[in-house]
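Heads up, the thing below is written out as structure tokens.
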Amino acid sequence: MKTPTNRLTAPFFVSTLTTVLAGLSLVTLTSAASPYELDPAHMAGLLDDQLAEELGHDASAPLANDATFLRRASLDIVGRVPTPEETTRFCLDPDSDKRRHIVDQLLDDSAYGMNWSRYWRDVILYRRSDEKALVSYRSVADYLQAAFNENLPWNEIATAFITAKGDAKENGATGLIMSQMARPEETVGEISRILTGIQIQCAQCHDHPTDEWTREQFHELAAFFPRVGVRRNRTGGDKQNRSFIIFANDTSHARRRKNNNNRRQPSLEHTMPNLDDPTAPGTPMEPVFFLTGRRLKAATMDAERREKLATWITNEENPWFAIAIVNRIWSELVGRGFYEPVDDLGPDRDCVAPKTLETLKNAFVYSGYNLKWLFRTVMATNVYQSESNTRQPTSEPTFAASTPQRLRGDQLFEAITAALVVHPQSDRRFADRGNGRAIKSPRGIFNATFGFDPSDPRSEITDSIPQALALMNSPIINGLINVRRPELRQLLVQTQDDGDLVYELYLRMLAREPTRAEEKQATRYLHEVGNRAEATEDLIWALVNSTEFRHKR
């Protein structure tokens, strides 16, 4: 069969990458006087070297081929699969440094901010205490999308979430507080879990069962937030479009209810309930940050309380802030974190390769909490660029290879619409608008069906019957897999050779060329069915429902 002109002229091959170690030492990293942009490639080489030494094995499997790397990087950074043209161009590019260049290019794409804003939106809102919190669904994503694309330092983003005020629909930084309806105990529990990776909320009613944190330390942390409240914004719009305002009140309320969760009337100070007598006033608590012991006086105004808390959380004196984000991003990219789960860290938890994590954490801090630097560095490691292996049991060597991960709901939706040539920006049916979970748009329905808490270990996330039925029988999917649609009809008309058609389908759906066995089987199916259009729809349906399509490899 004649090779079509748009096929790769050489088979996909395993790329080789020479890592040049920077000669940097931990002394260099920890003695820097100011933020310093460490070279990502050099830093990646140092991390690979330390992993091999620390774990006692070669830290990486053979490198993945170019097509696999491109699909992986595209899904990780911009949340979509590459187009056939992008895959072909990248695989034929002879530049030995093309992987670094494509990572830079993807990070400069505005879709980078969109993809990761959706990730963090779900981290913040998935464990919401009240459905009213979903009023901030869109604003959280909008705020984070702009922040990530502008490459704001992570400590600035975290500070904005801790100190935010205003309308939840307009100021997305209020989302973390809004997600817990400004209740002090729930709010500080989520701030600690998300920003430091430590689940101190387990010490709310008793000393932590598996960590060193005490009940007093939890309520001292809650004492940073008693003056914060949430009230309905009653100005303008009908009831359906009204929002909520996060506000602070530093004046007393003579008729305030005893229930500390009445956030329309915040209290001046936080009290730790008396477990022996719930009707008793409780013990007044002063604000103290449990990780460093930094404290404020009880009479401190709200603005200073939250500003100080933000400073103490994000300061280098608290190592867990940087460890939490470095561990989380590493886990998302590589498939497994130094700590698992990514939101249950602490001095009493086991860490894989702690020296390597410390090196990466120090470098991230001295990069100025630069998230794009963190992506460039991790994605330059051999661990990230290696062929993926199935998730190993705990007895197997860790970080010997990249680990396959199931796509998030929004990534899977983007993969389907991109592969089937749908443009969400121009087709309102597929736009990311409104609540995103409650609305009956294709994207909203998809997110509701395939969404999951991003903080949960991927090994614990399993497929469900509704998800399988949605992919097999969904009117949304079936409507897209229809060769009467102009985009697919054009593909059939322009690609008369069955072998070429199979090649194009694999390139569109899986971002790779088919194996010889796959091409032979698919071509035979096209001949056996007799109806080329119907057989093409069947092949697309089979690829969409494949495990490979639903995972990042």
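The numbers here are math on the coordinates, done by the rules we state, and not lab data. Only a predicted model underlies this, so the values are computations on that prediction, with no experimental measurement involved. Note that each Cβ is placed from the backbone with ideal geometry, even for glycine, and that neighbours are counted across all protein chains shown.
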>> Given R₀ = 45 Å, what would the calculated FRET efficiency be for W541 paired with E156, taking r from the Cβ atoms and rounding to 0.05?
In response: 0.50
> How do W213, W330, W320 rank when sorted from fewest to most other Cβ atoms within 10 Å of their own Cβ?
Replying inline: W320, W213, W330
>> I need I481, I445, I200 ordered by Cβ neighbour count within 10 Å, fewest first.
In response: I445, I481, I200
>> Using amide H atoms built in the peptide plane, which far-off residues or other-chain residues are under 5 Å from Q199 H to H?
In response: L345
>> If R₀ is 35 angstrom, what is the calculated FRET efficiency for the pair A448 and E307, using the beta carbon separation as r and rounding to 0.05?
In response: 0.40
>> Can you tell me the length gained on complete extension of the stretch R349 to Q265, counting 0.36 nm per residue apart and subtracting the Cα distance?
In response: 26.4 nm
>> Applying a 10 Å radius around every beta-carbon, put 89-100, 62-73 in order of their mean neighbour count, most first.
In response: 62-73, 89-100
> Under Stokes-Einstein, with the Kirkwood radius over Cα pairs standing in for Rh, what whole-number D in µm²/s applies to region 112-314 at 37 °C and 0.692 mPa s?
Replying inline: 190 µm²/s
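I need the per residue convex hull volume for region 62-112, using only the alpha carbons, in cubic angstrom as a whole number.
In region 62-112, the Cα convex hull volume per residue is 72 Å³.
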>> Give me the Å³ per residue figure for the convex hull around the C-alpha atoms of region 409-552.
In response: 123 Å³
>> Residue by residue through region 521-530, what is 3J(HN,Hα) from phi via Karplus (6.51 cos²θ - 1.76 cosθ + 1.60, θ = phi - 60°)? Round to whole Hz and write x for glycine and proline.
In response: 5, 5, 5, 4, 5, 4, 6, 5, 5, x
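Report the extension gain between L275 and K165 in nm, rounded to one decimal, defined as 0.36 nm multiplied by the number of residues separating them, less their alpha carbon distance.
Gain in length upon complete extension: 36.3 nm.
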> What is the gain in length, in nm to one decimal, between E86 and H101 on full extension, counting 0.36 nm per residue of separation less the C-alpha to C-alpha distance?
Replying inline: 4.1 nm
> Can you sort E460, E414 so the residue with the fewest Cβ neighbours within 10 Å comes first?
Replying inline: E460, E414
>> Give me the three principal axis extents of region 277-380 from the C-alpha atoms, as integers in angstrom, largest value leading.
In response: 56, 31, 20
>> As a quick test, which of the pairs K98/K355; K132/K165; K132/K169 have an alpha carbon distance above 21 angstrom in this structure?
In response: K98/K355
>> For a Förster distance of 51 Å, can you work out the FRET efficiency between the beta-carbons of D497 and R231, rounded to the nearest 0.05?
In response: 0.20
